[in-house]
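Working notes, beginning with the structure itself.
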Amino acid sequence: MNNLSLPKSTKRTIINIIIIAIAVYLLITYRATLSDILKPFLIAAVVAYLLNPIVVKLERKGVKRIIGVLIVFLAFIGIILLLGFILIPSLIKDIGKLVENLPQHATKLQQLLDKFQDGALYNNLPKTLKDIIDDNIFVVQGIILDSLQNLADSIIAVISELFDIILIPVIIFYMLKDASYFKNQLILLVPKSKRQRGLLLFRDIDNAFGKFIRGQIIVASFVFAMTTIMLLIIRVKYAVVLGLFAGIADIIPYFGPIIGIIPALIFAFFDSPTKALYTAGAFLLVQQIEGGILSPKIIGESVGIHPVYVILSLIVGGKLFGVLGLIAAVPALTAIKLTMRHLLRKV
């Protein structure tokens with residue numbers, strides 16, 4: 001019987017696989033509850049991760065860790081408060097108008113669809129094509145109206161979560177102050193025999209994540225600022241809300257710019273087709289600057305993952321975790337890729 005027993009390393013591997021499988025099952029099954037509980041901690045962890053290199057640089061210049069943390073933390077809070085005082089009144093105003101005028105926008109959309117159906121272009125179409133349009137026109141209308149309502153509801157939900165807004169800075173401060181403690185806790189989770197290899201893996205993931213995430217935030221902030229300014233110049237309604245939506249959507253690879261432009265085009269078209277054309281031109285200009293100049297310089301080379309796998313990760317992330325899943329899909333896929341590369345190197 002002893003000869004048939006499995007080696008300790010094999011038993012440990014089997015146990016680890018079982019634990020990971022149970023963790024993934026629980027994560028998927030109870031994702032809504034876990035998301036509500038863990039969301040402030042995850043947001044705080046990401047912010048602390050992004051700010052920690054600045055604290056480390058101050059430490060290298062002879063500044064004590066706690067002093068460096070206080071400097072970076074207070075500077076971060078100051079920037080957030082400043083942006084809040086500038087943006088939040090405009091956001092609240094635009095959201096209030098959007099929610100109040102949603103029925104009117106629904107009526108306008110119906111009028112535009114009726115006008116299209118009464119126009120020469122529609123009447124000259126073949127009957128088969130007309131039937132297809134008639135069958136799907138109400139579906140498209142419902143999708144557009146639902147998207148506009150969801151946009152308003154999502155932003156209201158973010159602003160209304162005051163408890164998280166108060167809690168997150170506290171968690172960020174402690175994560176920055178005790179970064180080495182949390183790092184050591186993660187290291188202790190790795191068995192001693194695998195610790196050296198695990199540290200190399202963590203270092204690779206950190207290098208890939210750091211530049212990618214910080215770069216994406218800078219680029220998304222540019223898209224938000226430029227889109228808002230251009231929409232204000234063109235005089236599109238709800239410019240701040242639409243600019244914020246475009247900036248957040250830009251984080252999503254491939255589909256983000258398309259998702260970001262749709263609400264702005266709709267509201268611009270409500271005023272006039274000419275305004276919608278100007279809006280499309282403005283978005284095209286912003287995307288050319290972002291894709292041709294900013295992204296290559298700030299983010300650098302892509303994470304080296306084939307577009308098919310990126311799209312698959314976006315679909316899976318979106319289905320399981322919604323918007324957060326779309327945003328986290330590529331970083332998660334990068335971590336999986338680097339882990340698989342280390343495992344294959346060992347083999």
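The values are calculated or read from the model by the stated rules, or taken from the named source; none is laboratory data. What you see is a predicted model; the values in this text were computed from it and never measured. Note: ideal-geometry Cβ built from the backbone for every residue, glycine included; neighbour counts use all protein chains shown.
So is Ala268 under 19 Å from Leu91 (Cα atoms), surrounded by fewer than 17 Cβ atoms within 10 Å (Cβ to Cβ), more than 12 Å from the chain's Cα centre (by Cα) and modelled with pLDDT of 85 or more or not?
Spelling it out, it is not the case that Ala268 is under 19 Å from Leu91 (Cα atoms), surrounded by fewer than 17 Cβ atoms within 10 Å (Cβ to Cβ), more than 12 Å from the chain's Cα centre (by Cα) and modelled with pLDDT of 85 or more.
All but one of (1) at pLDDT 80 or above; (2) outside any helix (DSSP H, G or I); (3) not small (Gly, Ala, Ser) hold for Leu6, so report the exception by its number.
(1)
Quick one: count up the residues across segment 179-222 that are more than 19 Å from the chain's Cα centre (by Cα) and assigned to a helix (DSSP H, G or I).
Selection size over segment 179-222: 24.
Looking at this structure, is Ile293 surrounded by fewer than 17 Cβ atoms within 10 Å (Cβ to Cβ), part of a loop (DSSP other than H, G, I, E, B) and of a type in the set (A, V, I, L, M)?
So Ile293 fails the test.
State which residue is nearest to Leu83 (Cα to Cα) when the search covers only segment 249-265 and only residues that are in contact (Cβ under 8 Å) with a residue 24 or more places away in the chain and surrounded by fewer than 21 Cβ atoms within 10 Å (Cβ to Cβ).
My answer is Ile251.
Going through segment 304-333 one residue at a time, which ones are modelled with pLDDT under 75 and either buried (at least 18 other Cβ atoms within 10 Å of the Cβ) or at positive phi (or both)?
Within segment 304-333, Gly304, Phe321, Gly322 qualify.
All but one of (1) part of a helix (DSSP H, G or I); (2) of a type in the set (Val, Ile, Thr); (3) under 20 Å from Leu42 (Cβ atoms) hold for Thr227; which doesn't?
Condition (3) is where Thr227 drops out.
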